[in-house]
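Okay, structure first, notes after.
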Amino acid sequence: MKRLLLLCLLPLVLTGCAGAPDAGDLLPILTAGVSMDADGGLELTTEAVRQEELEGTASSTYLTARGDSPDDLFAQADALTANSLYFSHARTFIIDESLARAGLRPLVGSLLDRGDVRLTLRLAVARDAEADDLVRAEAVAAQLPGEALGDLLDLRAEQGDLPDLPLSAAADALLAGADFSLPALTLTDDGRVLPDGQADFRLGRLAGFSGGDTHA
Amino acid sequence: MPDRVFPRGRGALLFLILSADALLLPSGLWLDALAAGVLALLIGTGWFALARKYRFADGFALLDRLPHGAARLADGLILVLAALLAVRTAFDLAGFLHEMALPGLPVWLAGGVLLLCAGLLARHGLPALALWAVPSAWAAGGVIALSLLLSLPDWSLPRLTLSTLLAPAGLFRVQGTVFGHALFVLLFTGDDPDLPQTRAALTGVACAALALALSGLRAAAVLGTRCAAALPYPAYTAAGVFAIGDFLQRSEALFGAALSLCFLARAALLLAVCRACLNRLRTRRKQPVSAPPAV
């Protein structure tokens with residue numbers, strides 16, 4: 001009987017009764033974008049999903065954080081609200097051209113260190129646009145913008161129009177010192193996000209863009 | 001008629017306790033895991049050959065043939081070693097749960113709860129644990145096999161570098177850290193005409209070596225050698241690269257649960273060893289020195 005009572009108490013210890021955060025305390029992120037200013041400071045813009053009720057419609061909310069390094073950036077972003085940012089549902093991570101030219105290794109290292117980042121996350125580079133603007137762009141379809149962008153990149157990668165390089169493959173190429181290409185994204189005049197060729201990397205740094213309809 | 005339930009249970013237990021390390025093993029050591037598995041099979045075969053030749057029913061019976069003081073010392077050393085390894089096993093799993101699944105759950109609390117669960121599993125000794133191990137091994141082995149099978153389209157063999165294919169230096173590391181745990185199962189196995197257990201035990205070791213090697217190979221082939229080397233749990237991460245429709249989006253969670261079961265089995269086995277050693281030490285204390293030791 002004592003053992004049974006002990007076993008009944010265990011679930012209480014494992015859940016929120018011990019003060020531990022549960023799934024409701026996490027803020028799921030769909031898309032994130034990071035840019036670098038002239039002083040080397042980083043800015044992270046994230047599209048988080050907010051859903052007030054289980055049956056209610058989900059909506060996007062945007063958060064911005066600043067930091068000196070990728071690790072600091074994620075720490076600042078996590079400290080923005082009482083809810084921890086949760087990247088497990090993130091589908092796209094957009095990198096500013098200036099940061100891509102400075103080198104991806106620190107950022108990719110920070111992403112690999114985060115336990116909640118899935119390696120199927122797609123990296124993309126902003127071309128002639130700010131990463132922040134791309135993250136905040138509206139979706140044409142009745143979808144969350146991050147969902148729509150993730151679906152578009154998946155479809156184009158399947159069709160072979162864009163480099164199919166999830167975070168795992170990009171990180172492996174980066175760590176091996178190999179050349180690789182990431183999809184490039186741009187913003188149209190009417191505020192839509194469109195794939196626009198590819199960003200070519202050499203030794204972990206952006207060497208230039210190639211292809212793309214708007215640059216043909 | 002020979003009882004085949006308990007031998008099968010011992011084989012299942014061997015599979016569970018050895019497969020647990022698929023979670024922690026660096027993916028670059030997949031070939032070493034395979035080689036260490038072959039070596040463990042040879043050691044196991046040798047053990048059963050010795051048991052037949054010298055007619056001992058299990059490892060404890062062999063220890064009983066030592067002088068009284070030496071046997072007590074051996075029991076004490078095994079007890080301490082098993083207890084330390086049980087704590088380490090529980091806290092390895094607790095660290096994994098804290099980092100990848102339940103960040104709000106303190107490691108010490110998770111480790112304590114896991115030790116308690118393992119203790120409850122081990123409280124009736126090895127026979128009960130072996131019975132529990134059979135369905136658990138089918139469940140864990142089935143999930144591991146299914147996960148490996150479903151991720152096959154995502155394998156990219158060009159991502160395997162030569163350093164992954166030719167790294168036999170880790171053989172002894174794998175032999176010590178992974179297959180060393182099999183020695184604790186051997187304490188409960190030997191030559192018993194009513195319980196023919198050689199085939200079941202060696203099958204358990206062979207399946208575990210295969211699960212370890214394929215999990216490491218999958219991690220390197222799916223994530224790339226260097227990316228896998230940069231991750232704390234590459235086999236677990238690699239299990240999440242595929243999704244089936246909208247209903248199985250987090251396949252790594254199932255893989256992690258299967259390996260957690262393996263860790264729990266290992267901690268329970270080590271605590272069962274502690275329990276057996278404690279009982280033997282107590283029994284010896286009550287016996288006069290000249291009396292034959294209990295089996």
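Assorted remarks:
- If the condition is being within 14 Å of another protein chain (Cβ to nearest Cβ) and not aliphatic (A, V, I, L, M), then the range A:164-193 contributes A:164, A:166, A:168, A:172, A:177, A:180.
- Count of the range A:149-163 residues which are in a loop (DSSP other than H, G, I, E, B) and either within 13 Å of another protein chain (Cβ to nearest Cβ) or open to solvent by less than 30 Å² (accessible area, probe 1.4 Å) (or both): 2
- Restricting the first member to the range B:115-133 and to residues that are under 12 Å from residue B:86 (Cβ atoms) and open to solvent by less than 40 Å² (accessible area, probe 1.4 Å), and the second to residues that are basic (Lys, Arg) and part of a helix (DSSP H, G or I), the beta-carbon pairs closer than 8 Å and six or more apart or on different chains are B:122/B:275.
- So residue A:104, is it out of contact with any Pro (no Cβ under 7 Å at 6 or more places or on another chain), away from chain B (no Cβ under 14 Å), open to solvent by less than 10 Å² (accessible area, probe 1.4 Å) and within 29 Å of residue B:219 (Cβ to Cβ): no
- Given (1) polar (S, T, N, Q); (2) away from chain A (no Cβ under 14 Å); (3) open to solvent by less than 20 Å² (accessible area, probe 1.4 Å); (4) over 20 Å from the mean Cα position of the chain (by Cα), index of the condition residue B:251 fails: (2)
- Hey, residue A:132 touching a Gly at 6+ places or on another chain (Cβ under 8 Å), among the charged types (D, E, K, R), touching a residue at least 24 places away in the same chain (Cβ under 8 Å) and assigned to a helix (DSSP H, G or I) or not: yes
- All conditions in (1) within 11 Å of another protein chain (Cβ to nearest Cβ); (2) under 28 Å from residue B:111 (Cβ atoms) hold for residue B:277, with the sole exception of (1).
- Number of the condition not met by residue B:195 [criteria: (1) hydrophobic (A, V, I, L, M, F, W, C); (2) away from every other protein chain (no Cβ under 14 Å); (3) more than 15 Å from residue B:25 (Cα to Cα); (4) in a helix (DSSP H, G or I)]: (4)
- Failed criterion for residue B:107 (all others in (1) in contact (Cβ under 8 Å) with a residue 12 or more places away in the chain; (2) β-branched (Val, Ile, Thr); (3) away from chain A (no Cβ under 14 Å) hold): (3)
- Residue list for the range B:40-62, restricted to those being on the phi < 0 side of the Ramachandran plot and open to solvent by 60 Å² or more (accessible area, probe 1.4 Å): B:42, B:43, B:45, B:50, B:52, B:53, B:54, B:62
- Any hit, the range B:241-248, residues being in contact with a strand residue (DSSP E or B) (Cβ under 9 Å, 6 or more places away or on another chain), surrounded by fewer than 22 Cβ atoms within 10 Å (Cβ to Cβ) and at pLDDT below 90: yes
- Residues in the range B:164-209 that are under 18 Å from residue B:273 (Cα atoms), of a type in the set (Gly, Ala, Ser) and touching a Leu at 6+ places or on another chain (Cβ under 8 Å) were compared, and the one that is modelled with the lowest pLDDT is B:182.
- Among residues of the range B:91-102 that are more than 8 Å from chain A (Cβ to nearest Cβ), those with a Cβ under 6 angstrom from a residue that is open to solvent by less than 20 Å² (accessible area, probe 1.4 Å) and aromatic (Phe, Trp, Tyr), sequence gap 6+ or separate chain, pair up as B:93/B:263.
- Contact annotation: residue pairs with Cβ atoms under 9 Å, 6 or more positions apart or on different chains, pairing a residue in the range B:216-229 that is free of Cβ contacts under 8 Å to residues at least 60 places away in the same chain with a partner that is among the acidic types (Asp, Glu), are B:227/A:172.
- Those helices (runs of 4 or more DSSP H) lying entirely in the range B:41-159 with at least 3 residues under 19 Å from residue B:179 (Cβ atoms) and of a type in the set (A, V, I, L, M, F, W, C): B:68-96, B:126-150
- Conditions (1) within 14 Å of chain B (Cβ to nearest Cβ); (2) farther than 27 Å from residue B:220 by Cα: number failed by residue A:146: (1)
- Residue A:140 buried (at least 16 other Cβ atoms within 10 Å of the Cβ), on the phi < 0 side of the Ramachandran plot, of a type in the set (A, V, I, L, M) and in contact (Cβ under 8 Å) with a residue 40 or more places away in the chain: no
- Any hit, the range B:91-110, residues being within 17 Å of the chain's Cα centre (by Cα) and open to solvent by 60 Å² or more (accessible area, probe 1.4 Å): yes
The values are calculated or read from the model by the stated rules, or taken from the named source; none is laboratory data. Bear in mind that the values here come from a model prediction, so they are computed numbers and not experimental data. Note that each Cβ is placed from the backbone with ideal geometry, even for glycine, and that neighbours are counted across all protein chains shown. Areas reflect the complete protein model, heavy atoms only, side chains present, ligands, DNA and RNA absent. Shrake-Rupley method; radii C 1.70, N 1.55, O 1.52, S 1.80 Å.
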